[in-house]
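Engineer: Questions regarding the structure given below will be posed in turn.
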Amino acid sequence: MRSPSESRPFRFATSLVLSFCLLTPVAAARASSIELSVVGTFTTGAFDESASEIVAYDPGTQRVFVVNAQAATVDVLDITDPATPTLVNVIAVATWGASANSVAVKNGVVAVAVEDDDKQSPGMAVFFDVDGQFLSAVQAGALPDMVTFSPNGKWVLVANEGEPSDDYLVDPEGSVSVIDISGGAASLTQADVRTADFSAFNGASLDPSVRVYGPGATAAQDFEPEYIAVGRGSRFAWVAMQENNALAIVHIPSATVVAVVGLGFKDHQKPGRGMDASNRDGGINIANWPVSGMYQPDSIASYDFFGFPLLVLANEGDSRDYDGFSEEERVGDLVLDPTAFPDAANLQLDENLGRLKTTVVNGDTDGDGDFDRIFSYGARSFSIRSPTGHVLFDSGDQLEQITASALPGEFNSTNDENGSFDDRSDDKGPEPEALTLGRIGWRTYAFLGLERVGGVAVFDITNPFHVTFVQYLNNRDFSGDPVAGTAGDLGPEGMAFVSAEESPTGAPLLIVGNEVSGSTTIYEIEVVD
């Protein structure tokens, strides 16, 4: 894998910290662990309608704000008693567009990203107080997909994905809106909004792992900002561009994209990096294959390690599959280069790689019409990277190994149908998508939602050079009926961590919005010695 270069100061800092960690045991004898348990669930009763997606928690009111795309609302839940979350308000956003895509809350202000009725037209960032009273609205970019506050509360950032129309005739530019709310959310005007765009990268030389491939698209049109993580100092933000397999680094005060970083590819031939590549192999077969995984992260978060910012990424993967253009193909339908793949006939059997979804826009490295490399969507993992994109840790095939052990009869199931064993192996496996981080005591934990099979995987990431698996918990009933609402939580989409200091119970909480089941579930976190 060709990794992005590190800056010299960060190379030095990383080396220094690594040496410290190797020479100094990180208080292993004092280490505590944690254990999650379900305490309460609120259910909308809407199946497969995106009725519970992104969640945000306000400690001042002990309320959870939940994106309900199906109803074009933000539902407000009172979790004063987490065992019985109660709907206390509904914030309608139809006045400003088609539906809400994301919500964030800080210092008594609720920010909502609202897409336009025409997805290729500019959407809105709409602000309310915690009681749902409208404060202001400003225009963002096309398809505002994620909204977040900076830690210092001065800025609101919006990732404007800029997806093309289904016929691919209209392809708006992706961008990041930087909104200065230091003067108060109620008095915002369009003058408080600046746009970090990608026009400077049109025609620029980019890392080879950055994917710019939409028909006739410039880099600015092709880049699709998906999710944002803001550094503790509120000066820089890192923006995941999933389809592009890239990160954008944004300098917030100047609203400038200062770099686009390629994320490289994952070699699934290496030990510990296997994958189950087929839904026609009759079982669980996590093996090494000559496949390059495109990391393509969805959610991204940041935390500090000895004062240095690190990035955590959920490597879900995504393709472009439109009526006007589709990159998707199955490996069995490719013409493989006989030199690169002398065993092509065997590889392309359905029980091997034949069913694996791949792309036709990457892989023909010499331009002769056959494929010299095979790529897959996502890395079926989560990663920890430096601020410049260098991989410090990747979970390899742990997520599939963990779910195979915990749910051997439901491995790689889909999220809208029970009795679907192995159904997603030819796609992106468990699809790690939702992600949040939480600090409990002096330890930092990553909570990872698996979109397809479901459940939450927890890892201790306090030391990025010594990451440990903590727990996997799935609040899904595989004997239930998803349509009837008896199958529990399906399709975790968004997460929020609540510290013990801000929790209504005095114990840390994890709040999960489940897109397919339309349910919001609250987990209590117990420290276990």
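Values quoted throughout were computed directly from the atomic coordinates according to the rules given, and no laboratory measurement underlies them. What you are looking at is a predicted structure, and each value in this text was computed from that prediction instead of being measured. Don't worry about glycine lacking a Cβ; one is built from the backbone with ideal geometry, like all the others, and counts go over all protein chains shown.
Engineer: Hey, got the dipole for segment 121-184? About the Cα centre, +1 on K and R Cβ, -1 on D and E Cβ, debye to the nearest 20?
Structural biologist: 400 debye
Engineer: Using only C-alpha atoms and all pairs of different ones, pull out the Kirkwood radius for segment 351-446 in Å with one decimal.
Structural biologist: 16.1 Å
Engineer: If you don't mind, another one. Which ³J(HN,Hα) values, rounded to whole Hz and listed in residue order, are derived for segment 163-178 from phi using the Karplus coefficients 6.51, -1.76 and 1.60 in 6.51 cos²θ - 1.76 cosθ + 1.60 with θ = phi - 60°, glycine and proline given as x?
Structural biologist: 5, x, 5, 4, 7, 6, 8, 10, 10, x, 6, x, 6, 10, 7, 10
Engineer: Could you point to the residue in ALA217, THR256, TYR303 farthest towards the positive end of segment 208-306's charge dipole, with +1 and -1 charges on the Cβ of Lys/Arg and Asp/Glu respectively?
Structural biologist: Final value for the positive-end residue is TYR303.
Engineer: Moving on to the next point. Along the charge dipole of the chain, which of PHE127, PRO387, VAL361 sits closest to the positive end, that is, farthest toward it, with unit charges on the beta carbon of Lys, Arg, Asp and Glu (+1, +1, -1, -1)?
Structural biologist: Highest projection toward the positive end goes to PRO387.
Engineer: With θ set to phi - 60°, apply the Karplus curve 6.51 cos²θ - 1.76 cosθ + 1.60 along segment 124-140 and write out the HN-Hα couplings as whole Hz, x wherever there is a Gly or Pro.
Structural biologist: Result, ordered by residue: 10, 10, 10, 10, 10, 8, 5, 8, x, 7, 5, 10, 5, 8, 9, 7, 10 Hz.
Engineer: Shifting gears a bit: For a quick protection proxy, order the peptides 200-212, 481-493 by their average other-Cβ count within 10 Å, most packed first.
Structural biologist: Numbers: 200-212: 15.9, 481-493: 20.5.
The most tightly packed comes first, giving 481-493, 200-212.
Engineer: Report, in deg cm²/dmol and to the nearest 500, the calculated mean residue ellipticity at 222 nm for the chain, where each DSSP H run with n ≥ 4 adds -39500 (n - 2.57) and the sum is divided by the residue count.
Structural biologist: The per-residue figure over the chain is -1500 deg cm²/dmol.
Engineer: Then there's this: Pairs of alpha-carbon atoms within less than 8 angstrom and 6+ residues apart define the contacts here; what relative contact order does segment 112-182 have, in percent?
Structural biologist: For segment 112-182, the relative contact order is 27 percent.
Engineer: I've got another one for you. So how do THR462, THR403 line up by other beta-carbon neighbours within 10 Å, fewest first?
Structural biologist: In order of increasing Cβ crowding within 10 Å: THR462, THR403.
Engineer: Name the residues whose placed amide hydrogens come within less than 5 Å of the amide hydrogen of ALA287, ignoring near sequence neighbours (fewer than 5 apart) on the same chain.
Structural biologist: MET275, ASP276, ALA277
Engineer: Can I ask one more? Could you tell me the relative contact order of segment 40-186? Use alpha-carbon pairs under 8 Å, at least six residues apart, and round to a whole percent.
Structural biologist: 15 percent
Engineer: Counting only DSSP beta bridges with both residues in the chain, what percent are antiparallel, rounded to the nearest 5?
Structural biologist: Bridges in the chain that DSSP calls antiparallel: roughly 95 percent.
Engineer: Also, I was wondering about something else. Fully extended, how many nm does the chain gain between ASP166 and GLU49 (0.36 nm per residue separation, minus their Cα-Cα distance)? Please list the in-between numbers first.
Structural biologist: On the way: separation 117, 0.36 × 117 = 42.12 nm, distance 2.03 nm.
Residue separation times 0.36 nm, minus the Cα-Cα distance, leaves 40.1 nm.
Engineer: OK, next. List, in order, the whole-Hz ³J(HN,Hα) value for each residue of segment 144-157 obtained from phi through the Karplus relation with A = 6.51, B = -1.76, C = 1.60 and θ = phi - 60°; use x for Gly and Pro.
Structural biologist: Values per residue, Gly and Pro as x: x, 9, 8, 10, 8, 8, 6, x, 7, x, 7, 10, 10, 10 Hz.
Engineer: Something else now. Along Cα→Cβ, 7 Å out, is where each label goes; now give me the distance between the ones at SER121 and SER254 in nm to one decimal.
Structural biologist: Going from the SER121 label point to the SER254 one covers 3.5 nm.
Engineer: Another one. Choose one of ALA191, GLY153, VAL138: the residue whose Cα lies farthest towards the positive end of the charge dipole of segment 133-196 (beta-carbon charges +1 Lys, Arg; -1 Asp, Glu; about the Cα centre).
Structural biologist: GLY153
Engineer: Under the classification rounded if a/c is under 1.5, otherwise prolate if a/b is larger than b/c and oblate if not, where does segment 139-213 fall, given a ≥ b ≥ c as square roots of the Cα gyration tensor eigenvalues?
Structural biologist: Taking the square roots of the gyration eigenvalues as a ≥ b ≥ c, segment 139-213 is prolate.
Engineer: Inverting the mean 1/r over all pairs of different Cα atoms, compute the Kirkwood radius of segment 19-151 and quote it in Å. It would help to have the intermediate numbers written out before the result.
Structural biologist: Numbers: mean 1/r = 0.0607 Å⁻¹.
In segment 19-151 this quantity evaluates to 16.5 Å.
Engineer: Any idea what the relative contact order of segment 455-529 is, in percent, if you count C-alpha pairs under 8 Å spaced at least 6 apart? Write down the numbers at each step before the final one.
Structural biologist: On the way: 127 pairs, mean separation 15.1, N = 75.
Worked out over segment 455-529, it gives 20 percent.
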